[in-house]
Amino acid sequence: MEANTSLPQCWQDVADATAAGITQMVLYGPPGTGKTFTGLNFGINDAGAYRVICNEDMTSADVTGHYMPTDNGFQWNYGAVLKAWQGNGVVGGRVVADEIDRASGDVLSLLLAMFDSPESASWTHPKTGEVFKPLNGFSVFMTTNLERMEDLPTALADRFPVKIRINQPHPDALTFLSPDIRVAAAMSADYSRGDRKSLRAWKAFDKMRQTLPIETAARLTLGEDWQGIVDTLQVEAI
């Protein structure tokens, strides 16, 4: 992601931090603002990006990998974080860790170890004894819908020195919407909880109104205040 004066301040902060060499940051705030999308698509190097979705039921297989049966026996299938560590063999890639605060127990401990400073992070293959370390270029974007960073576990918060609240969709994410609803989508992302509209809701509305009456599409996707939104869009269209 390149610095761009037209970016909302939150995304300019992400661009500035990335350009300054920050490799571990938290993107937090309301859902549906494109935090994951941006982590997977902007400012990445040739090694690409990998996503790990954290929850209470995840295992170390999601992080480091596990054996999979093949015609010739078993083969190790690398997990998302180990894939990002190795990158393309020359530089490390990026991990987008969604809702890492929901991980618990041994998996959280493993993630904390793997997201430690590059000088300290390492992992040993349980079968071969091979030691893995993150290649230069490895980065981590953590996303969370938490609003209070004090709610993050202390050790986890310490791994991510830069924490940026995302209160607007990234302009590039808005390009997936029709031009006439982009401003409304950007403005509604950080309304109070009951009135908030995510990009997903706006995308669904945009798609449904192509084949359904606009009132029906809005009623099914945009919540109780759908009529006011329709009225505003129709006035602006005039």
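Taking segment 99-117 as the range and being assigned to a helix (DSSP H, G or I) and without any contact (Cβ under 8 Å) to a residue 12 or more places away in the chain as the test, the residues that pass are Gly105, Ser109, Ala113. Per the listing Thr18, Thr33, Thr38, the residue uniquely of a type outside the set (Asp, Glu), surrounded by 20 or more Cβ atoms within 10 Å (Cβ to Cβ) and assigned to a loop (DSSP other than H, G, I, E, B) is Thr33.
Specify the residue that is farthest from Ala61 (Cα to Cα); the eligible residues are those in segment 105-157 that are at pLDDT below 90 and basic (Lys, Arg). Step by step, filter segment 105-157, then rank; the result is Arg148. Summed over segment 54-82, residues that are touching a Lys or Arg at 6+ places or on another chain (Cβ under 9 Å) and at negative phi total 7. Within segment 21-43, the set of residues being modelled with pLDDT of 90 or more, at negative phi and over 10 Å from the mean Cα position of the chain (by Cα) comprises Ile22, Thr23, Gln24, Met25. Applying the criterion of being aromatic (Phe, Trp, Tyr) and farther than 24 Å from Leu27 by Cα to the residues of segment 74-101, the residue that is surrounded by the fewest Cβ atoms within 10 Å (Cβ to Cβ) is Phe74. Are there any pairs with C-beta distances below 7 angstrom linking a residue in segment 73-98 that is without any contact (Cβ under 8 Å) to a residue 60 or more places away in the chain and assigned by TED's automatic domain parsing to the domain that holds Asn136 to a residue that is among the β-branched types (Val, Ile, Thr) and assigned to a helix (DSSP H, G or I), with the two at least 6 apart or on different chains, and if so which? As it stands, the answer is Gly79/Val63; Ala80/Val63; Val81/Val63; Val95/Val81, since those pairs meet every condition given. Just one of the listed residues (Ala218, Ala121) is assigned by TED's automatic domain parsing to the domain that holds Ala15, free of Cβ contacts under 8 Å to residues at least 40 places away in the same chain and crowded, with 17+ Cβ neighbours inside 10 Å, namely Ala121. For residues in segment 209-229 being within 15 Å of Asp195 (Cβ to Cβ) and in a helix (DSSP H, G or I), which is nearest to the chain's Cα centre (by Cα)? It comes out as Thr221.
No other residue among Phe160, Phe141, Phe205 is within 30 Å of Cys54 (Cβ to Cβ), in contact with a Ser or Thr (Cβ under 9 Å, 6 or more places away or on another chain) and assigned by TED's automatic domain parsing to the domain that holds Ser109 apart from Phe141.
Could you tell me whether segment 191-204 includes any residue that is in contact with a Pro (Cβ under 7 Å, 6 or more places away or on another chain), surrounded by 12 or more Cβ atoms within 10 Å (Cβ to Cβ) and either among the basic types (Lys, Arg) or in a helix (DSSP H, G or I) (or both)? Looking for residues that are in contact with a Pro (Cβ under 7 Å, 6 or more places away or on another chain), surrounded by 12 or more Cβ atoms within 10 Å (Cβ to Cβ) and either among the basic types (Lys, Arg) or in a helix (DSSP H, G or I) (or both), one finds at least one in segment 191-204, hence yes.
The values are calculated or read from the model by the stated rules, or taken from the named source; none is laboratory data. Remember, predicted model here, so these are calculated numbers, not experimental data. Glycine also receives a Cβ, built like all others from the backbone with ideal geometry; neighbour counts cover every protein chain displayed.
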